[in-house]
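The values are calculated or read from the model by the stated rules, or taken from the named source; none is laboratory data. Bear in mind the structure is a predicted one, so any value in this text is a computation, not a measurement. Cβ atoms come from the backbone with ideal geometry, glycine included; neighbour counts cover every protein chain shown. Heads up: the accessible areas ignore ligands, DNA and RNA and are worked out on the full protein's heavy atoms, side chains in. Shrake-Rupley method; radii C 1.70, N 1.55, O 1.52, S 1.80 Å.
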Amino acid sequence: MFGNSVCSYPVRGEFGNNQYRGNCTGYIIRDFVESYLKSGGLFADPSIGGGTSVDVAREMGLDFFGTDLHSGFNLLTDDFKTVMQREANLIWWHPPYWSMIQYSGNQWGTEANPWDLSTMDLADFCEAMIVAMMNIHDATEANGHYGILMGNMRKNGQYFNLSSMVERIAPGRLVDEIIKIQHNCTSDSKRYAGNGKLVRIAHEKLLVFRKDKTQAIYLLHKLMQRANNSVAMTWRASIRRILQASGKQMKLAEIYQAVKSYADTRQNNHWRAKVRQVLQDERFFHRVAPGLYELQTA
Ligand SMILES: C[S@@+](CC[C@H](N)C(=O)[O-])C[C@H]1O[C@@H](n2cnc3c(N)ncnc32)[C@H](O)[C@@H]1O
């Protein structure tokens, strides 16, 4: 059982095929089960890879359902609940960390499978993650849990925060974020190109969600609401910053001028109306006279 929100397993243990690249230790799966599985409930894994969860479930004597794209199950086209013929109380998902390790045509099969999440470009991968997580959410019993173990990666010097992406788009309520310290990964021996000063990524995140009663598709509106709120917030924040940086009262035309470069990135033809709407928020802006504004400091 997890004692706190950081876990570390220096020895991976004898679970599954340790030659299957990107495999995880069975100890984290055991802690996950002990922390969240309702006694007697079904435990499931839609991407078993080298079979780590299979061995953990066998050792713990669990009612278990496990499969993978390599065994003919596709999280992006098959309904997980239908395939299991019931809902699971707890689902473990350890997806590819995007293209960090390619699975089809490499760990299994003779050629790349287009449904394999590790073979996609980033945009397709992100969309596929939404589909997969909705499928997993809907295959979980009400009040049951699912957990996603995800790592972050660097590619050509750029940092991809895949675990943050999961947290933002997963349906259900986030109940825990567990940092897993990484041991013995291939990148340990790799020197990053360039100045060699990059911080080596040495953790993964296990994000645990509780299933809402609602179907995942209805939870998408929350995602859109969040996106809309964030757009509204960035408009307000940018205008606050413009007035803050100027340190004086500004005419509307000056505010338009200052915000124009941000507005161009938003591709919003009605951005001047948006600016006027934002300026009406009296918590942050004070209309000194018609067309003249200052930051609200009271
Ligand atoms: C990180 S590995 C899982 C490793 C596993 N936890 C272990 O310890 O061996 C990710 C797995 O996701 C599977 N996968 C990729 N795309 C999939 C899809 N569309 N449906 C189901 N599984 C998929 C891959 O075949 C791979 O086995």
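Enter the angle in degrees (range 0 to 90, nearest 10) between the Cα long axis of helix 216-246 and the first principal axis of the Cα atoms of the chain, meaning the one along which they spread out most. Helix 216-246 sits roughly 40 degrees off the main axis of the chain. Within the shell defined by Cβ-Cβ distances under 9 Å, the residues around LEU207 carry a net charge of -2, with Lys and Arg each +1 and Asp and Glu each -1. Only helices enter this figure: runs of n ≥ 4 DSSP H residues, each worth -39500 (n - 2.57), summed and divided by the residues of the chain, yield -11000 deg cm²/dmol at 222 nm to the nearest 500.
Straight Cα distances below 16 angstrom link LYS222 to the lysines LYS211, LYS213, with same-chain residues fewer than 8 positions distant left out. A probe of 1.4 angstrom, applied to the heavy atoms of all protein chains, finds LYS260 with accessible area near 80 square angstrom.
Using a probe of 1.4 Å, the accessible surface attributed to TRP271 totals some 20 Å² when neighbouring protein chains are kept in position. Seen against the Cα atoms of the chain and their longest principal axis, helix 252-266 is set at about 20 degrees. In the context of the full protein assembly, TYR262 retains an accessible surface of approximately 50 Å², using a probe radius of 1.4 Å and ignoring ligands and nucleic acids. The long axis of helix 122-138 is offset from the longest Cα principal axis of the chain by roughly 70 degrees.
Candidates HIS183, HIS270, MET129 compared by Cα position along the dipole of the chain: farthest toward the positive end lies HIS270, with charges placed on Cβ. Which residue, chosen from SER104, PHE64, ASN17, occupies the Cα position most advanced towards the positive end of the dipole of the chain, where the dipole is computed from +1 (Lys, Arg) and -1 (Asp, Glu) charges on Cβ about the Cα centre? Of SER104, PHE64, ASN17, it is SER104. Among beta bridges from DSSP that stay inside the chain, the antiparallel ones total about 65%.
Charge dipole of the chain (Cα centre as origin; +1 on each Lys and Arg Cβ, -1 on each Asp and Glu Cβ, all else neutral): 1800 debye, rounded to the nearest 20.
Using Stokes-Einstein with the Kirkwood hydrodynamic radius over Cα pairs, what translational diffusion coefficient do you get for segment 1-152 at 20 °C and a viscosity of 1.002 mPa s, in µm²/s rounded to a whole number?
Numbers: Rh = 15.7 Å.
My calculation gives 136 µm²/s for D.
Give the shape of segment 135-267 as rounded, prolate or oblate, defined through the alpha-carbon gyration tensor: a ≥ b ≥ c are the square roots of its eigenvalues, a/c under 1.5 means rounded, and otherwise the shape is prolate if a/b is larger than b/c and oblate if not. Cα axes put segment 135-267 in the oblate bin. Taking the simple approach of a point 7 Å from Cα along Cα-to-Cβ for both GLN244 and GLN225, what is their distance in nm? So the two model labels end up 2.7 nm from each other. Counting DSSP beta bridges with both partners in segment 67-223, what percentage is antiparallel, nearest 5? Antiparallel bridges make up about 75 percent of those DSSP assigns within segment 67-223.
Across all Cα pairs in the chain, the calculated P(r) in 10 Å bins from zero up to the longest distance comes to 6, 23, 27, 18, 14, 9, 3, 0 percent per bin.
Average accessible surface for the chain: 54 Å² per residue, computed with a 1.4 Å probe over protein heavy atoms with every protein chain in place.
In the chain, what percent of the accessible surface is made up of carbon and sulfur (1.4 Å probe, ligands and nucleic acids excluded)?
Summing carbon and sulfur atoms, their accessible area is 48 percent of the total for the chain.
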